[in-house]
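Reviewing the structure listed below.
The values are calculated or read from the model by the stated rules, or taken from the named source; none is laboratory data. Remember, it's a predicted structure, so these values are computed and weren't measured experimentally. Here the Cβ is made from the backbone with ideal geometry for all residues, glycine too, and neighbour counts use every protein chain on show.
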Number of protein chains: 2
Amino acid sequence: MLVSDLKQTIREVPDFPKPGINFYDVTTLFRHPEALRSTVRRLVERYEGDRFDALAGIEARGFVLASAMAYELGKGLVLIRKPGKLPAETEAEEYSLEYGSATMEIHRDAVEKGQRVLVVDDVLATGGTARAAGNLVERLGATVEGFAFMVELGFLPGRKTLGDESVFSLIRYD
Amino acid sequence: MLVSDLKQTIREVPDFPKPGINFYDVTTLFRHPEALRSTVRRLVERYEGDRFDALAGIEARGFVLASAMAYELGKGLVLIRKPGKLPAETEAEEYSLEYGSATMEIHRDAVEKGQRVLVVDDVLATGGTARAAGNLVERLGATVEGFAFMVELGFLPGRKTLGDESVFSLIRYD
């Protein structure tokens with residue numbers, strides 16, 4: 001499917017999660033077999049041949065893309081989760097985001113020192129969550145290979161937050 | 001990988017999320033490239049050729065398996081989520097589970113009447129969450145094709161709750 005057709009499968013929901021926010025609902029893309037398949041294929045194609053070790057998916061919709069990509073690329077999948085969800089020893093990082101503040105966690109043994117990790121989420125907005133995920137990866141002695149997103153909200157400063165050259169996104173809203 | 005080798009990659013964490021519960025931590029399987037790949041392949045092989053339309057992944061670890069399976073099988077992915085996460089109109093189902101009670105939601109337009117849906121989660125324990133997910137699918141006029149899990153806790157009544165013939169699991173603890 002063309003990227004413009006993928007974009008057509010995304011639903012816009014006004015005033016979610018709070019008034020004034022226009023929410024890009026990607027569940028309508030996920031439930032569309034060809035759109036899901038094509039989205040994952042296109043993300044995989046961007047990173048095929050790159051030398052890295054694992055993909056870190058950000059809870060919860062990031063798991064959807066990171067998992068299918070990890071499967072297709074033959075890499076490991078690391079989960080970046082909300083507090084209290086990971087059962088073993090964790091590192092935690094607090095950060096501010098569009099709608100307030102939040103904390104994300106990673107298992108201390110999720111990645112090894114020196115590994116290269118691609119951070120994956122569904123939507124790049126301000127970049128706060130992805131930046132926190134990247135910081136967690138780096139605190140474990142690993143390197144961030146880059147940041148991959150299905151959707152980028154170009155009117156928010158996510159790309160600037162993460163560093164322009166490290167970001168790849170498939171579908172852009174300006 | 002052999003199923004017995006897959007099992008070796010799962011970590012047991014005592015007393016999580018509360019004292020007396022032995023938690024099966026599948027993140028250590030997910031981060032292992034061959035284990036993740038082999039797990040998804042084996043689940044896919046079970047359902048290849050079956051006639052169904054979509055996979056419903058249960059938040060949040062169920063997304064990991066359902067997504068890679070949906071990608072590989074060329075089906076759509078439906079998200080069964082905790083309350084307040086889905087932006088459009090939802091159906092909700094409250095249910096009791098091992099550690100208390102909870103509610104899950106599905107978008108009203110996530111599946112169409114008459115579709116066949118495979119419910120997917122990482123671990124089958126009492127079956128309460130999967131049963132609620134199945135009920136949500138049925139309330140939208142779709143049919144539950146079956147329930148697929150990576151791990152089954154055979155000492156809990158999950159299989160009985162869901163119906164023996166509808167359940168498939170890869171790794172079993174007795």
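Reported count of residues in the stretch A:69-124, each being farther than 25 Å from B:LYS18 by Cβ and of a type in the set (Val, Ile, Thr), is 6. The residues listed here are A:GLY49, A:GLY100, A:GLY84, A:GLY74; of these, the one that is closer than 18 Å to A:ALA125 by Cβ and surrounded by fewer than 23 Cβ atoms within 10 Å (Cβ to Cβ) is A:GLY100. Only one of these conditions is not met by A:SER101: (1) in a strand (DSSP E or B); (2) among the small types (Gly, Ala, Ser); (3) touching a residue at least 12 places away in the same chain (Cβ under 8 Å). Which number is it? Every condition holds for A:SER101 apart from (3).
Scoring A:TYR95 on the criteria (1) farther than 24 Å from A:GLY158 by Cβ; (2) among the aromatic types (Phe, Trp, Tyr); (3) surrounded by fewer than 23 Cβ atoms within 10 Å (Cβ to Cβ) leaves a single failure, condition (1). In the stretch B:45-68, the residues that are closer than 15 Å to A:ALA70 by Cβ reach residues that are acidic (Asp, Glu) and assigned to a helix (DSSP H, G or I) with C-beta atoms within less than 9 angstrom, at least six apart or across chains, in these pairs: B:ALA68/A:GLU72. Does B:LEU79 satisfy the condition of being within 25 Å of B:SER169 (Cα to Cα) and modelled with pLDDT of 95 or more? In short, yes.
For B:ALA35, indicate whether it is without any contact (Cβ under 8 Å) to a residue 60 or more places away in the chain, in contact with a helix residue (DSSP H, G or I) (Cβ under 9 Å, 6 or more places away or on another chain), in a helix (DSSP H, G or I) and more than 7 Å from chain A (Cβ to nearest Cβ). Yes. Of everything in the stretch B:81-133 that is small (Gly, Ala, Ser) and in contact with a Pro (Cβ under 8 Å, 6 or more places away or on another chain), the residue that is farthest from A:GLU12 (Cα to Cα) is B:GLY127.
A:ASP50 passes every criterion in (1) within 18 Å of the chain's Cα centre (by Cα); (2) of a type in the set (Asp, Glu); (3) part of a helix (DSSP H, G or I) apart from (3). Quick one: would you say A:VAL123 is among the aliphatic types (A, V, I, L, M), under 13 Å from the mean Cα position of the chain (by Cα) and within 30 Å of B:VAL44 (Cβ to Cβ)? So A:VAL123 passes the test.
Looking at this structure, is A:TYR24 assigned to a strand (DSSP E or B), within 10 Å of chain B (Cβ to nearest Cβ) and surrounded by 18 or more Cβ atoms within 10 Å (Cβ to Cβ)? Taking the combined requirement at face value, the residue satisfies it.
If you check A:GLU59 against the conditions, is it within 26 Å of A:ALA102 (Cβ to Cβ) and within 8 Å of chain B (Cβ to nearest Cβ)? Yes. The single condition among (1) more than 7 Å from chain B (Cβ to nearest Cβ); (2) buried (at least 24 other Cβ atoms within 10 Å of the Cβ); (3) in a helix (DSSP H, G or I) that A:VAL44 does not meet is (2). Looking across A:GLY84, A:GLY134, A:GLY146, one residue alone is under 21 Å from A:GLY49 (Cα atoms) and of a type outside the set (A, V, I, L, M). It is A:GLY146.
Just one of (1) more than 9 Å from chain A (Cβ to nearest Cβ); (2) modelled with pLDDT under 95 fails for B:GLU12. It is (2).
Scanning the stretch B:2-18 for residues that are crowded, with 17+ Cβ neighbours inside 10 Å and part of a loop (DSSP other than H, G, I, E, B) returns B:THR9, B:ILE10.
Any chance the stretch B:76-98 includes a residue that's over 23 Å from A:ALA60 (Cα atoms), in contact with a helix residue (DSSP H, G or I) (Cβ under 7 Å, 6 or more places away or on another chain), not in a loop (DSSP other than H, G, I, E, B) and not aromatic (Phe, Trp, Tyr)? Within the stretch B:76-98, none of the residues are over 23 Å from A:ALA60 (Cα atoms), in contact with a helix residue (DSSP H, G or I) (Cβ under 7 Å, 6 or more places away or on another chain), not in a loop (DSSP other than H, G, I, E, B) and not aromatic (Phe, Trp, Tyr).
Taking the listed residues A:ALA68, A:ALA88, A:ALA92, the one that is of a type in the set (A, V, I, L, M, F, W, C), more than 16 Å from the chain's Cα centre (by Cα) and at the interface with chain B (Cβ under 7 Å from one of its Cβ atoms) is A:ALA88, with no other qualifying. The residues of the stretch A:27-41 that are surrounded by fewer than 21 Cβ atoms within 10 Å (Cβ to Cβ) and among the small types (Gly, Ala, Ser) amount to a single one, A:SER38. Here B:ALA110, B:ALA133 are screened, and the one residue that is touching a residue at least 60 places away in the same chain (Cβ under 8 Å) and among the small types (Gly, Ala, Ser) is B:ALA133.
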